[in-house]
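See structure below.
The values are calculated or read from the model by the stated rules, or taken from the named source; none is laboratory data. All figures in this text were calculated on a predicted structure; none of them were measured in a lab. For neighbour counting, all protein chains shown are included, and Cβ atoms are generated from backbone atoms with ideal geometry for every residue, glycine included. SASA here: full protein model, heavy atoms, side chains in, ligands and nucleic acids out. Shrake-Rupley method; radii C 1.70, N 1.55, O 1.52, S 1.80 Å.
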Amino acid sequence: MTRQTAIARVLMVAVFAPSGGLFGKGVAEVSQGREWWPWLVAALVWLIVSGSIAMAVSNHLDEHR
């Protein structure tokens, strides 16, 4: 595995794992009859922000290759 592949895998986990947890928390809140939308908003914000950062890092690594 190359260094860039390892970094790409770490970035994928850093983006999708926390958002999956936030979506799961939203599902748990729905099952208890509570407000679920703040968890959905948090998951979407996390995906957008961390995805943008991951894209910037990936593009930066591609420029230096």
### Query
What's the number of the condition Val57 fails, among (1) assigned to a helix (DSSP H, G or I); (2) exposed (fewer than 13 other Cβ atoms within 10 Å of the Cβ); (3) more than 11 Å from the chain's Cα centre (by Cα); (4) of a type outside the set (Asp, Glu)?
(2)
### Message
Cβ contacts < 9 Å: first residue among the basic types (Lys, Arg), restricted to region 1-22; second residue surrounded by 14 or more Cβ atoms within 10 Å (Cβ to Cβ), any location; separation 6+ or different chain. Result?
### Response
Arg3/Leu61
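Answer yes if at least one residue in region 26-34 is touching a Gly at 6+ places or on another chain (Cβ under 6 Å), modelled with pLDDT of 90 or more and not in a helix (DSSP H, G or I), and no otherwise.
No: region 26-34 contains no residue that is touching a Gly at 6+ places or on another chain (Cβ under 6 Å), modelled with pLDDT of 90 or more and not in a helix (DSSP H, G or I).
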### Summary
Note on Leu40: of the conditions (1) in contact (Cβ under 8 Å) with a residue 12 or more places away in the chain; (2) not in a helix (DSSP H, G or I), unmet is (2)
### Task
Could you tell me whether region 17-29 includes any residue that is open to solvent by 100 Å² or more (accessible area, probe 1.4 Å) and among the charged types (D, E, K, R)?
no
